Amino acid sequence: MVEVTEPLDRVWKPSARQAQFLRIPNEVFEGFYGGAAGGGKSEILLMKPVARRWIENPKFKAIIFRRTFPQLEESLIERSKTDGYYAACGAKYNSTNHVWRFPSGATIRFGYMEKDSDARDHDTAEYNYAAFDELTHFSEYQYRYLTSRVRTSDPALPAIVRSASNPGNVGHAWVRARFVEPEPSGGVLLRDTVTGNLKIFIPAKLQDNPALMKADPNYYNRLMVLPEAERKAKMEGDWWTFAGQVFTEFRYLPYPNEPDNALHVIPHFNIPYWWPKLLYIDWGFSAMTYAGWLAISPDERIFQYREYAKRKQSVGTWGAELRQISQFDQNLMTVVIDPSAKAHYGDLKSIGQQFIDASGFDYVEYADNDRISGKILLHDFLRWTPRPARYIPREGFQQEVHDRIFRWQGTAAAQEYLNLFKPDAPETNIPRLQIMETCPELIKSIQLCTYDEKNIEDVAEFSGDDPYDGLRYGLKSIDNYLQNREEVDKRRQYAEIMHKFKSGGDATEMYRALERFEAENAQKVVAISRRGTKSRFRRAHV
């Protein structure tokens, strides 16, 4: 370990645990200081460049991140000003660029990354020191992308990443897996199996910050009254209390070394008019009224291509607006709404009936609100890795077994036995859910889902979960529809007719094919219309 020199020893002295973090050698690329609240985590990230005297080198460039600008402004920026340590070193703060510039020319910048794509704003940057305060607020993609911007051309300066965080929040799972699980007690140098870089975890507890305990002795008592899971995390630095982010498979952009299909957010494109479509609604007033439009492709991929998000709007207003927005959506098969819309809430008509009156839609389908099955279904629609090979009998195919089944149970049973040994067809349509960039509320909501500490199989409710709830409703209805294989086959026939024509086919032949198709399905209904059709999505046909 290197010796630590504190030029501000008159005004700041690290605790023993902070000093341990300061002494991590520059050869260790990643250092993580984590655990309980009150361990002095933010302070150590701010003070490390000063304590190690890197600020005396004119080429030194640092950046310290929080996830959002309000968090950054209220914590790191404000603290860097009021503590006075940077100013005591002669630094001047530029409030426009959020940069402290030291007399040598060295800089410490503050930054934030609310969206994964914000990481690309630093493509051309070069940092000697990148720090993440409350690392569990960040996605793994943001962290891994920014670490690639850390490098040095001066042997006197480091190229390191240092982070700090409490347990919990959306990044809990990946942070724990990266830093804590390999050596839970910390203090051990580890080598990353992918990059080969050295990393280390330094655990921190409230008791490791005697200055805080002395300045605010009641802080400990305030933590004691928290719910058990949160108390263990914040007092004891327990990384196994919270399970963290639910949909860890969600990708705004693929991580390094992941396949191209590890992607859920895509550019907007025009949905073909013949694809069946669905509108789902999670209604609210003080809470958000959120609606999403889903389309089903011929290969059974689901695309969310549009969203609507408003607060404090009456049913009459958002109902009329949704109808207006949907007026050019051909093949809109049904509308699915939160089952709480059955309630009247003191009015003569239920919310659902008020919506029908305002929108002109004749029928709404009240959603299946089973939270656990909806969550599991979303996992499957987000999955971008192929399913494991299905079960094959260990003994392998045996002709005598096949013949015996055939004699005793007939052809169908024998064929079922044969099917056990057929290789699975490759999955070419994963992930089955893709979200267009025009739906930022849904993208954000999925990433903010964390586990409910009282029911670890469920997603904890949070402000802004309306898009997630609505998506569950829509996918449940679509899944029921796709279980009807006869219905899906008819959709495929129709899609093939249209695709053949768009690929240069003859228009006359297309019309003849459509006439034959429509004649075969003459008794089937098309879609919800303004009056007279009351068809469920799962029974609707072209």
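Odds and ends about this structure:
- Sparse-neighbourhood loop sites, chymotrypsin sites (Phe, Trp or Tyr not before Pro) in region 346-454 - DSSP loop, at most 13 other Cβ within 10 angstrom: TYR391, PHE397, PHE421
- Taken along the Cα-to-beta-carbon direction at a fixed 7 Å, the label points for GLN330 and ARG404 span 5.8 nm.
- Using a simple spin-label model with pseudo-atoms 7 Å out from Cα toward Cβ, GLU249 and LYS312 lie 4.0 nm apart.
- R0 of 51 Å, Cβ-Cβ distance ASN97-ILE376: FRET efficiency to nearest 0.05: 0.65
- Inter-probe distance in nm under a simple model that places probes 7 Å from Cα toward Cβ, at LYS454 and GLN415: 5.1
- Applying 1/(1 + (r/R0)^6) with r as the Cβ-Cβ distance of GLU427 and THR508 and R0 = 35 angstrom yields a FRET efficiency of 0.40.
- Range of Cα positions in region 34-179 per principal axis (Å), largest first: 41, 32, 27
- Between region 53-71 and region 324-351, the alpha-carbon center distance in angstrom: 50
- Cα-based shape type of region 26-82, given that a ≥ b ≥ c are square roots of the gyration tensor eigenvalues and the cut on a/c is 1.5: oblate
- Annotation for region 124-159: GluC sites (Glu not before Pro) lying in DSSP loop with at most 14 further Cβ atoms inside 10 Å of their Cβ are GLU126.
- Prolate/oblate/rounded call for region 351-441, Cα gyration tensor, a/c under 1.5 rounded: prolate
- Full extension of the chain between GLN483 and GLU461 gives 5.0 nm of extra length, using 0.36 nm per residue less the Cα-Cα distance.
- The residues TRP12, TRP283, when put in order of fewest to most other Cβ atoms within 10 Å, stand as TRP12, TRP283.
- FRET efficiency for SER104 and LEU198, using Cβ-Cβ distance with R0 set to 25 Å, rounded to 0.05: 0.35
Each value in this text was obtained by applying a stated rule to the coordinates, not by laboratory testing. Since we're looking at a predicted model, the values are computed, not measured. Cβ atoms come from the backbone with ideal geometry, glycine included; neighbour counts cover every protein chain shown.
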